[in-house]
Structures are given as structure tokens and as C-alpha cells.
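Step one of this worksheet: look at the structure below.
The values are calculated or read from the model by the stated rules, or taken from the named source; none is laboratory data. Predicted, not measured: the structure shown is a model, and the values here were computed from it. With ideal geometry, Cβ positions are generated from the backbone for all residues, glycine too; neighbour counts draw on all protein chains shown. Surface accessibility is based on the protein's heavy atoms, side chains included, excluding ligands, DNA and RNA. Shrake-Rupley method; radii C 1.70, N 1.55, O 1.52, S 1.80 Å.
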Number of protein chains: 2
Amino acid sequence: MANAPVQRMSQLMAKTLRDDPADAEVLSHKLLVRAGYVRRTAAGIWSWLPLGKKVLANVERVVREEMDAIGAQEVLLPALLPREPYDATGRWDEYGQELFRLKDRKGGDYLLGPTHEEIFTLLVKDQCTSYKDLPVILYQIQSKFRDEARPRAGILRGREFLMKDSYSFDTADEGLAEAYARHREAYQRIFARLGLDYRIVAATAGAMGGSKSEEFLAPAEAGEDTFADCPNCDFAANTEAINYALQPVDGSAVPALEEIPTPATPTIETLAASLGVQAADTLKNLLVKVDGEIVAVGVPGDREVDLGKVEEHFAPATVEMVTEADFADRPDLVRGYVGPQGLGEKVTYIADPRVAPGTAWITGANKADTHAKNVVAGRDFEVDEYVDVVVVQEGDPCPKCGTGLKLDRAIEIGHIFQLGRKYADALKLDVLGQNGKPVRVTMGSYGIGVSRAVAALAEQTADEQGLCWPKEIAPADVHVVAAGKALQTELALDVAGKLAAAGVRVLVDDRAGVSPGVKFTDAELIGVPQILVAGRRSAEGVLELKDRKTGEREEVSVEDAIARLTA
Amino acid sequence: MANAPVQRMSQLMAKTLRDDPADAEVLSHKLLVRAGYVRRTAAGIWSWLPLGKKVLANVERVVREEMDAIGAQEVLLPALLPREPYDATGRWDEYGQELFRLKDRKGGDYLLGPTHEEIFTLLVKDQCTSYKDLPVILYQIQSKFRDEARPRAGILRGREFLMKDSYSFDTADEGLAEAYARHREAYQRIFARLGLDYRIVAATAGAMGGSKSEEFLAPAEAGEDTFADCPNCDFAANTEAINYALQPVDGSAVPALEEIPTPATPTIETLAASLGVQAADTLKNLLVKVDGEIVAVGVPGDREVDLGKVEEHFAPATVEMVTEADFADRPDLVRGYVGPQGLGEKVTYIADPRVAPGTAWITGANKADTHAKNVVAGRDFEVDEYVDVVVVQEGDPCPKCGTGLKLDRAIEIGHIFQLGRKYADALKLDVLGQNGKPVRVTMGSYGIGVSRAVAALAEQTADEQGLCWPKEIAPADVHVVAAGKALQTELALDVAGKLAAAGVRVLVDDRAGVSPGVKFTDAELIGVPQILVAGRRSAEGVLELKDRKTGEREEVSVEDAIARLTA
């Protein structure tokens, strides 16, 4: 039997569903399941059916070609990794519950790789001894594992997923900057070829460590990231990465601090209502425990604390909320009436830059049912450290030009980092420099969510009828539909064979006993870019060619169809 | 930067080594490490460097093309799998210590897939509802995990390895037989294209269950399997799969059983020497515990018991050797002097067919320093069950024609199984039959060790100089060596560029400061099929083309080289 480029729906493992799966919340999850691309194997763990595997392979191919084009060398590292290198960098512990850990039969500790910085660092340490062996960029396309607390959104956030991860190694900072720039350009080409709408935004470094870092975000309702976009200048950033500068004001004219009775006002809402002031006039003091020590976080009463930013600031220490038991242990902390002016040395006080020196606030008086007003930062209380910790809101000023920011949801599809020497320091990666002395190597790490990109594409390109793939990524170039009668099936198979012979990737719906309506609906759902129907004018050799995206249709002869689809 | 098909050694991550790695025992391990194809990440866990990854990808491509050609559909299932389906089939326990088990953050039990029968069965249960949806063959190329007790031999027996596994689903036994036959043919094509010397032999089914099963074995010194080959007929089998028929003899003329004093003869050797008989005249009784119950295994004194066969027979029960403590508990079992004639009902006695009814033996008398002679099977003792349990030896008769068998070592590179309904029964996989009633599905499972095939190829094709790949699998078509001078490097890069433009995969050794001798040695070690040297006649535009395998060399012009290499 020869190679069979014509894929017949009558044989294809791709059961379509009319209804959304009960647990699906986002569009890509619903459609990829309904169109028979993926199936759930366990929470956050997915199987790729034939159509899905083809799309995934197409994304892989584009990524591979563009990585090869920047001189990156493909390797394949294991998923099952020994503990020791991750101990050396501290990530065995820092990764917390997100890391899948296991023991082998001899009791040795292993993990399932969430990313591979450590192993690549050791590989280069083994392979490269001289500055002449660098620079080098290595990459792999491989399954990664992260034990997400709440796996959701189908393949958008799974616990096992396919990733392209690459790592650059250089002796000099300029080399790292160049490797970073080459990745940035390669990513732009990759996402353009994939047909993804994306933005490049400033990002925090997360658990990776390191300094310069940008994210490639694909705007989509289903996204878990929020990014801010300035309508006036070129500023764009993940909201987690936005930091406002501290701008002190003159608070010398503020009257002296005054305590005021405020019975039954333990929340900002009850306090503001009782005093007839704005929430923005009050100072909210959130108590958290950082590695067990209590820390108070001060923000304007109308703003939410971004716990992610707090965690990021204190990492690798763990941050927890205080509990009833903590208040019971500390009678000096009066729940609902905490104020920074009476915390003393036993509690570290961090505040958002909006609580700048000289600003005056209404805040707790550290007594039940009592607040204080005219509480001035720097006069009545000291801030141990200013940290930008509030959740950014639509309309907040652009840190660059002051214009009100626009917020959007997006899917993180790529991430590039200048790691610097964090991993090289931990694992002692040196090469001999030109002067014969050891030089510590500097690294970058760069990721693309390959399986996630499939979901992002589905999110961005789908319409009410279903999926709608760009040509380079689609599981086939044309979906030939045999309306049903024997003559129509014959014509459909004939044209499918001719198209395949001309190098066109063909999916043909040759199913018997399935109504034309169901076949048309399935073709729309599956989302191959061109749909060619052998219908009522089949006897004359006339088919209908429909563009899946625009919906435009026209009648064509077999020859026309072949000419058009091979053009 | 355009796609760069010329791979430069000056940039390639492939550090060659002059010495064998200290822990390497087998040829492929030594050479794949020395030539810079793979590196060890942990015991039995390997990283593929760029050259190794290319070879692996070439094997994958051949496997993919031939699987597609038999109408198999490619999917991708996760490696991280939930416990429940493996509980349903009993394999969660049966797999024993070989299975990597782990818990997620919520305490749920997971495993790393050793093979995927359960998950594929559930997938088909979800996707197929009618006999019209079958037959179907699904496959994937994916990392598998097995916690080998003694990972050894480099990538020949790793704990994480790349496998092609496929599964067929049919309603009728004839369909299964056809899917099996198609796989058998596809495997023949695959291994022929890979350039592997292989044999197809009868195999035991191992932990898979099921009935008909054959192995594809690549003869090699480093192999862990032993297979028997008949020089006279077409019989070939894994020695573990050989079973001899029971052939009773007439023992009526044997005198009555007689006990004889045999002081200090607890072993077959001491007994045979003391009595002046052959070991083959004595009956050896090995004691084992099967799920804690003592079982005696009788074989001729000159034969070894194959514990693998014993385990296979009693699976899924566990088989252990008896200990001092067991003898202490059982005074009726006299160590070194056990005989089947006095075991009573408390010990099950199984025997090899060579201990056929009517045969007479010298064996233990169940008293210290005493044996018995003229002990006749079926007269003086009963055999509860005959099981072929001896280790097959060179010269044992062919079970088919009686000729003395030849034994060889080999690497298992493929395995095909007719599983039947074991998994479908456990997971209740039915489809509606033509008559409207549910039909239980029958399955086959088929594996190719993709990463192992790379090692097997290295074993079979390497010579004293190093690796020596067949063209289709090699990491490049030609290895261009620039002997060293600027003019030679210029010519090498020029011809490399022209070859690449003509579609030839080129590796060019453009390293500066490396002697020609080292470059030639590296080229032989790396094993690309053709070596093209820009050496002393470079000024005239004359190169030397060497066939890596035959060692034949001839002088060629640039045009000749291109013509020859693109032919």
C-alpha cells in the first residue's frame, strides 16, 4: 500500500460533537474537543487525536525551521531529571507544589522537567571548555510538566504540554544581548507565520530569575494574563511588570494626627460610608506572613493588592495570608483597625508608591472601633520599603507618558529572558577566556508554548461555525465533501486523488449514511481553509469551492479546482 | 539569516572523545558517547546532542512514513497517566517496581506510561461506537518510562526512551490477524530501510498478555536477548519462548527405588563425582516461593532453570528464591537432599518435560547425606505440572525438526502482539455490531524501540574506526574536511555551500587549530557515509572523496564531487 495523503473521514479518528463539553469554559477548549482534535485523559492532561496531531506538527515545523535559521542546534533532553542540579540552583524547593517529584526504585529523587535550565547548563559545562566553543544556542521541542493548582481552559493551561525551549550561552553580555535579539526576531517570524496576532510586552521574570524579559502575548478573551497598552506611546507591559516611580508630595500643611471613634467599621466600605469619604482617601493595610513573619502591606483603600507582585518581591520566601490564629497570637494587631503608625518594630511595613512620603490618610488606630485621620507617610509612620503591589486598573497612567492605559486579556505564547549568570554561578559554568583565565558564562532562556499556540490560534481565528485555521497550520489544505449520492462520492474521491497527486493535503468526507447537512456543519467546525463540495452538479463535473474564512463560494470544474488549489 | 543546511563543526555541539567512557561496556554506548551523539544525564537517562538528534529524527521519519503507509493514524498521548485504567487491567500492580509512580499536589496517583494499551483502549471507547468505526490502527512516537533494575548499555536499555507504539482495534479475529500481518510487513520495510540486519522470532508475551507474538531481533554481541536459530528448518525463537513437547518413555524395567548413603554431596557436582555418574543422570530440585508458597522445580542435573520462564508461568504471582529462614521453618525440606518422591502434598512439584513419565533419576532422599537411585517419574513421584523451564543451550534439538539449534545474542528492536480481548474485557470496550448487538473489540499492540534502533544500528554497522551509518539514517550525507590551511578551508566551505544548494546534507569540519589527523579521526568516528577532503591538491581544485564504509578513495574535482554526491 502506497503512502496515503488523502485522509478519509470514513476512517479518521475524529468524532465531532454537537454540544460543548460540560466542563469547557473557553472557546478553544470547546471547539478543539467538539471538532475531534483533542480529548481529555486526566485533569490538565490531554491526548491529541489525528487532526490535532497534524496541527501540532505544523506548529512544530514552523518553530523548528525558524530556530534552525538563527543557527540554534536541536537536541533532545530527558523529561525525567535528577534532583541534584535543581538543588544546586534552589529550584527543587522554590518550584513548590508546581513541580512533579518522584522516587525511583532505589529511593533516588527525580522530577519531571518544568524547564531545563539546569540540565542545559550542565550539558554545556561538559561540552564547552573554551571561549572558542561559544556562543551556542541549543533548543528542543519536548513535553514539559507542571502541576498546576487549577488546570483549566483545555490545552491552554495543561499539566503536560509541548514546549520549545532554547538556551543561549555566551561569555560576554553583548553576546547574550545578541542571542536575545535573534530570538526576538525569530519569534516574530514564527508567530507571523503561524498567523497569530501578538504583542511583545515587558514581563517579570517569574521563577526563572534574571533581568531583561519580554513576553509574546496573543490577545484573547480566554487569556490568563492581563497586559496594559498605552494608546498614546509604545508602552506595553504585563500588568504584573508595571512599576510606578515614587513621587513624594509636600505634607507639611496637614493637621496633626487625630483619632476618631468609628464604631463597627472593620472594612474600607463601612469606614468610607460612615465618614462620608472616598475609599481612595483611606489607607488599607493587608497583613501577610512571609516565611512566617508578619508583614503589613499598605495600599490606597480603593485598590487591590496583587498578591503575585508581593510573592514576586519576596521570592523565594513563601507568602501566606494571616489567619485567625495569628491575630489571637498578636493582641497588638487589631483586626480591621490596623494602622502603620502604631506597628512598631515587630512588623515590617511595605507600601505601594501611591502611599508616597507626604500623603495623608485615614487609617486604623490599632484600637477596636477607632481610626485615625491626617496620618502622613514619613511623618506619622515610616515605610520600610516601597514596592509596587497594586492591581493595575484600566485608566491608570502610563508610566512612560501618563496617558490612561488600556487593559486587555491575552495568552502568553512566548517568553524570552536574559538570565545572566544565575545558573552558571550555581552550577559553576566557566570556560577558558582569551587571556587563559576562566570566564563565567552568561545565559538566556527562551520558550514557546507549542501546544498552547494551537489553542491561541484556535481562540483568535475561530468564528461561530467553528475552527478556521491559517493555511500553513491547517490539518489539510482542502476538505472535499461528497454530498452523499454514489456519483458525488465518486467525483469527490476522484478530485481528492488528483489533488493529492498534485501535492495538496486532502481531507475527504466520504462517509456513507451521514446527511449532507451534517457533513457541511462538520467541515465548518473542523476549519480546513478551503471546502470543495461535490453536490448537485456532480454529473456535469461541477463542484462548489468555498473559502472557509470569508464564506465566498463559486462553482468550479475539476480542472479549475486543481488549478486554484495548487496555485 | 537563511536556513543553514551546512552544519559547521566549528559551531557544532559535538565534543568527540579519544577514550571510552569508564562505565561503557558495549560498543554502541562507547561510540555514541565518544562521537558526541549522546550524553548521560542520570542512570539510564540520556540526552541527545545535535548529531544524535538528527539520527533519531531520521529513524522517526522512516517509522512514520511506513506507519502512515499502512493507514495507521498518528496521535500523541500524554506520558503522565492516571492510575485508574491501570488498576482496571491490573497492571498498576503487575508492573511492579518497573513502573514509575507519583502523586500530584492533591494526592492523586499517576504513573509514567511504560506502554499505553489502557489509554488507547479508553480513547477508542470514547471515539468508536459502531462496527463501522472499525478497524482502526493508531500510533504515536513518544517517550516511555521504565524503572529498569539495572539500566545499562547506554541507550540500549534506558529508563526513558523513545518508542513507536501502535494499537489495532477490530471486531473480528480475522481483522486482528490482518492488522498484525500489516504491521509485520511494515516492520520488515522499516528495518530494511534502516539498514538493520534482523530476524523475526517467536516470542513470549511478557507482561502484555495475549497470545500470538513475534519479536524483531537485531543480532548483536551487546544484545540482552538470546534467540535460537535452526540451521536446518525455518524455526527461530527467543529462547524464552521455546517449549518442548512431553515424550513419556517406558520405565517399567527400572529396578525399585533404592536409598544410598552419599555423605557431603549437597550439590550436583559433588554428587556426580562421588557416584561416578553424569550430572545428566541426576534430578535437580530447585525450591522457590510463589506468592509465599513453596514450589519445587525439577530439571535434569546438568541443566539450568530459566527463572524468567518460571516467572512467566506463574505471572502475575511473584516468584522468589527460598532463604535460610524458609528451610528453618520446614524441617521436612533437607537442604541439598530434596527429592520429589517425599515432598508430600504440601509442596507443588513442577518439572521440565525432560523429566518425562518413565524416566529414572538419582535424586535427594529427603534425608541428610542420602540420595535415592532408580527414582522413576510417574512411579515413585507425581509431577503436578510439566512446564518447560530450562535454559536452552546451543545444540538442543529444534522443536520442529530435531536439528541442533544455534544460539545468538540479539537486541529486541520490535515486538508485535495479538493481544486479543484482555484490555477490551477489563475496560469494557464494545461497539455495536451489524446485528445491533454489542461486540467486544479485539486488539493488537506493536512496538518499535526508536532510540534503541539507533543503538542497534550503531552496534551492527560500526567498525574499528567508529560509527558508520547507512545513508538514510546518517546525520549528514557528506562530511567535508578542510585539512587546515586557509586555501583548503576556503575550498571546503565553497564545495559545502554548493553541495547544500544541491540538496545534500553537509557537515563541514572548518575548525581552526585542529590538526588534519584529528579531523580525519573524528570524521571516521562520526561515521557520515562519504568523506570529502580538501587537502594538498586544493589549489588545483582537487579533493579526495572517501567511502566511509569501504575505505575506497579517489581524487575528484568540485564538479565531480557534486555530481557524485547528488546522484
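Things to note:
- If R0 is 30 Å, the Cβ-Cβ spacing of A:R61 and A:R199 corresponds to a FRET efficiency of close to 0.80.
- Proximity of backbone amide H atoms, modeled 1.01 Å from N, is registered between B:L432 and B:S130, B:Y131, B:V439 at under 5 Å, excluding neighbours fewer than 5 places apart on the same chain.
- Stretching the chain fully between A:S10 and A:D560 yields a gain of 195.4 nm (0.36 nm per residue, less the alpha carbon separation).
- Fraction of antiparallel bridges per DSSP, the range B:258-386 only, in percent to nearest 5: 70
- Vicinal HN-Hα couplings computed from phi for the range B:396-401 (Karplus, 6.51 cos²θ - 1.76 cosθ + 1.60; Hz; Gly/Pro x): 4, x, 4, x, 9, 10
- Virtual spin-label span in nm between B:Q278 and A:A328, 7 Å along Cα→Cβ: 8.6
- For B:V136, distant residues with modelled amide H under 5 Å away: B:F169
- For residues of B:31-44, the mean tally of beta carbons on other chains within 10 Å: 3
- Lacking any other cysteine beta-carbon closer than 4.7 Å, the following Cys residues of the protein assembly as shown have no compatible partner: A:C128, A:C468, B:C128, B:C468.
- Computed 3J(HN,Hα) for the range B:290-299, one whole-Hz value per residue from the Karplus formula 6.51 cos²θ - 1.76 cosθ + 1.60 where θ = phi - 60°, is 10, 6, x, 8, 6, 10, 9, 10, x, 9, glycine and proline marked x.
- Local electrostatic count, A:L407, Cβ distance below 9 Å [Lys/Arg +1, Asp/Glu -1]: -2
- In terms of Cα atoms, the Rg and Dmax of the protein assembly as shown work out to 35.8, 126 Å.
- Approximating the spin labels as points 7 Å out from Cα along Cα→Cβ, the A:D291-to-B:E221 distance works out to 5.7 nm.
- Computed over protein heavy atoms with a 1.4 angstrom probe, the accessible surface ordering of B:M321, A:M9, largest first, is B:M321, A:M9.
- Sorted peptide list for A:98-105, B:420-427, criterion being average Cβ within 10 angstrom, highest first: B:420-427, A:98-105
- Closest-to-axis residue of chain A (Cβ criterion, axis taking A to B), whole Å: A:L102, 2
- Secondary structure note: in the range A:20-154, about 85% of the DSSP beta bridges are antiparallel.
- Charge context of B:R105, other residues only, Cβ under 14 angstrom, K/R +1, D/E -1: +1
- Amide H within-cut-off set for A:I70, under 5 Å, with H built and near neighbours excluded: none
- Ellipsoid semi-axes in whole angstrom, largest first, where each is sqrt(5λ) of the Cα gyration tensor of chain A: 53, 32, 21
- Rolling a 1.4 Å probe over the heavy atoms of the protein chains gives the range A:258-386 an accessible area of 46 Å² per residue.
- Selected from A:V290, A:L507, A:G223, residue furthest toward positive end of dipole (the protein assembly as shown; charges at beta carbon): A:L507
- Here the dipole of chain A is about 2120 debye; that uses its Cα centre as origin and unit charges on the Cβ of Lys and Arg (positive) and Asp and Glu (negative).
- CD proxy at 222 nm, helix term only [per DSSP H run n ≥ 4: -39500 (n - 2.57); per residue of chain B; nearest 500]: -7500 deg cm²/dmol
- Against the empirical curve 2.2 N^0.38 Å, the C-alpha radius of gyration of the range B:81-175 lands at a ratio of 1.25.
- The mean number of partner chain beta-carbon atoms within 10 angstrom of a residue's beta-carbon across peptide B:94-106 is 4.
- Amide N of the range B:277-309 lying under 20 Å from the label point, which is placed 7 angstrom from the Cα of B:R101 along Cα→Cβ: B:291-292
- Other copies of A:E304: label-to-label distances in nm, shortest first, labels 7 Å along the beta-carbon direction: 7.0
- Peptide packing for A:241-249, B:377-385 was compared via the average number of neighbouring C-beta atoms within 10 Å per residue; ordered from the highest value, the list is B:377-385, A:241-249.
- Accessible area (Å², 1.4 Å probe, nearest 10) - B:E540: 120
- For the range B:300-350 versus the range A:63-93, the gap between their alpha-carbon centres in whole angstrom: 50
- Look at the Cα gyration tensor of the range B:293-373: its axes a ≥ b ≥ c give a/c of at least 1.5 with a/b at or below b/c, and that counts as oblate.
- For B:G436, label point 7 Å along C-beta direction: distances to other copies, nm: 9.3
- Taken residue by residue and averaged, Cβ atoms of other chains lying within 10 Å of the Cβ of A:131-144 number 2.
- Under the Karplus curve 6.51 cos²θ - 1.76 cosθ + 1.60, θ = phi - 60°, whole-Hz ³J(HN,Hα) for the range A:122-129, x wherever Gly or Pro sits: 5, 5, 5, 4, 6, 8, 10, 10
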